Amino acid sequence: MRRDVLAKSYGNPKEAYEAIRGMLGSLDDPYTRFLDPREFKEMQIDTSGELSGVGIQLSLDKETKELVVVSPIDGSPADRAGVLAGDLIIEIDNKPIREMQPDDAAKMMRGEPGSQVSITIAREGEEPFDLTLTREIIEISSVRSRMLEPGYAYLRIAQFRGNTGEEFAEELQELLNQEADLKGLVLDLRNNPGGVLQASVSVVDAFI
């Protein structure tokens, strides 16, 4: 298949991008995908540690093609408004978004700080409802920690972003400053959508 794709001529980049997507799609691997320059730029924004938006992490349900909230970012406008993991986003500014890619929906929710965006949420057991959120600059801290009891600590990684490795090392050192002889550490990765591979490598390095 790779030879066939390389042997063809393409009239423009868009045709080539679609050919690459088709080739990678045949792998049926949810963790392998092609990013064109626009999508790659959006991903860099998502993993930079700072953005202007409402603070919702999304994924696409492959069976229903619905946009699912993976998690609201802690302390973000979405979090303060009560958006929950598992909620479905069905409209943005009164535009239906069924089968839209998460990156495209996230772009619609970004904008100038102080501007507003309306989202319609479907939640199990409730009628769909609207929320109007005010965008703001969100400095994303992907790591937080606390002591549970003497000898045992809790550390959560919300997403693997560009600065997660450094944040993790700082939080771990702070825990060790509080309790030099840790007996156990709960590492919480629930609702973590993934992110930058090198950041996850840095976290593993801290243990190894």
Subject >> Cα long-axis angle, helix 37-46 against the chain (0 to 90 degrees, to the nearest 10) >> reply: 20 degrees
**OP:** Using only protein heavy atoms and a 1.4 Å probe, report how much of Thr64 is accessible, in Å² to the nearest 10.
**Re:** 50 Å²
Original post:
Taking a 1.4 Å probe, which of Tyr17, Tyr31, Tyr152 shows the most accessible area, and what order do the others take after it?
Top reply: Tyr31, Tyr152, Tyr17
**OP:** For the chain, give the percent of accessible area contributed by carbon and sulfur heavy atoms, probe 1.4 Å, rounded to a whole number.
**Re:** 50 percent
**OP:** Mind ranking Asp87, Asp28 by accessible surface for me, highest first, 1.4 Å probe?
**Re:** Asp28, Asp87
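Once you order the gyration tensor axes a ≥ b ≥ c over the Cα atoms, which shape class does the stretch 62-152 get: rounded for a/c under 1.5, otherwise prolate or oblate by comparing a/b with b/c?
Working: a/c = 2.04, a/b = 1.50, b/c = 1.36.
It comes out prolate by the Cα gyration axes.
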Original post:
Helix 164-178 versus the longest principal axis of the chain: what is the Cα-based angle in degrees, 0 to 90, to the nearest 10?
Top reply: 10 degrees
Original post:
Based on DSSP H runs of at least 4 residues, each adding -39500 (n - 2.57), what is the mean residue ellipticity at 222 nm of the chain after dividing by all its residues, to the nearest 500 deg cm²/dmol?
Top reply: -9500 deg cm²/dmol
Original post:
About the Cα centre of the chain, what is the dipole size in debye to 20, counting +1 per Lys and Arg Cβ and -1 per Asp and Glu Cβ, all else neutral?
Top reply: 660 debye
**OP:** Calculate one ³J(HN,Hα) per residue across the stretch 71-80 by plugging θ = phi - 60° into the Karplus curve 6.51 cos²θ - 1.76 cosθ + 1.60, and present them in order as whole Hz with x for glycine and proline.
**Re:** 5, x, 6, 3, x, 7, x, 5, 4, 5
**OP:** For the chain, please report how many Lys pairs fall under 27 Å Cα to Cα, leaving out neighbours fewer than 8 apart on the same chain.
**Re:** 14
Subject >> Solvent accessible area, Å² - Lys107, 1.4 Å probe, full protein context >> reply: 100 Å²
Subject >> FRET efficiency for Ser26 and Asp130, using Cβ-Cβ distance with R0 set to 35 Å, rounded to 0.05 >> reply: 0.30
Subject >> Kirkwood hydrodynamic radius of the stretch 1-72, Cα pairs, Å >> reply: 14.8 Å
**OP:** Using a 1.4 Å probe and ignoring any ligands, DNA or RNA, find the accessible area of Asp205 and quote it in Å² to the nearest 10.
**Re:** 100 Å²
Original post:
Considering only the stretch 77-208, what is the antiparallel percent among its DSSP beta bridges, to the nearest 5?
Top reply: 75 percent
**OP:** Please list the non-local residues whose amide H lies under 5 Å from the amide H of Gln57, H modeled 1.01 Å from N, same-chain partners needing a gap of 5 or more.
**Re:** Val70, Ser71, Ile73
Original post:
Just one of (i) 28.5, 90; (ii) 17.9, 58; (iii) 19.8, 65 is Rg and Dmax of the Cα atoms in Å calculated from these coordinates, so which is it?
Top reply: (iii)
**OP:** Specify whether the C-alpha gyration tensor of the stretch 108-162 places it in the rounded, prolate or oblate class, a ≥ b ≥ c being the square roots of the eigenvalues: rounded for a/c under 1.5, otherwise prolate if a/b is larger than b/c and oblate if not.
**Re:** oblate
**OP:** Please turn the phi angles of the stretch 18-34 into ³J(HN,Hα) values with the Karplus equation 6.51 cos²θ - 1.76 cosθ + 1.60 (θ = phi - 60°), one per residue in order, whole Hz, x for glycine and proline.
**Re:** 5, 5, 5, 4, x, 5, 6, x, 5, 6, 6, 10, x, 9, 10, 8, 9
Original post:
Given the C-alpha centroids of the stretch 1-46 and the stretch 130-148, what is the distance between them in whole angstrom?
Top reply: 32 Å
Subject >> Whole-number accessible area per residue in Å² for the stretch 1-157, which is evaluated in the context of all protein chains at 1.4 Å >> reply: 60 Å²
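The values are calculated or read from the model by the stated rules, or taken from the named source; none is laboratory data. Computed from a prediction, not measured in an experiment: that's the story for all the values here. Reconstructed Cβ throughout: ideal geometry from the backbone, glycine too, with neighbour counts over all protein chains shown. Side chains included, ligands, DNA and RNA excluded: accessible areas come from the protein's heavy atoms. Shrake-Rupley method; radii C 1.70, N 1.55, O 1.52, S 1.80 Å.
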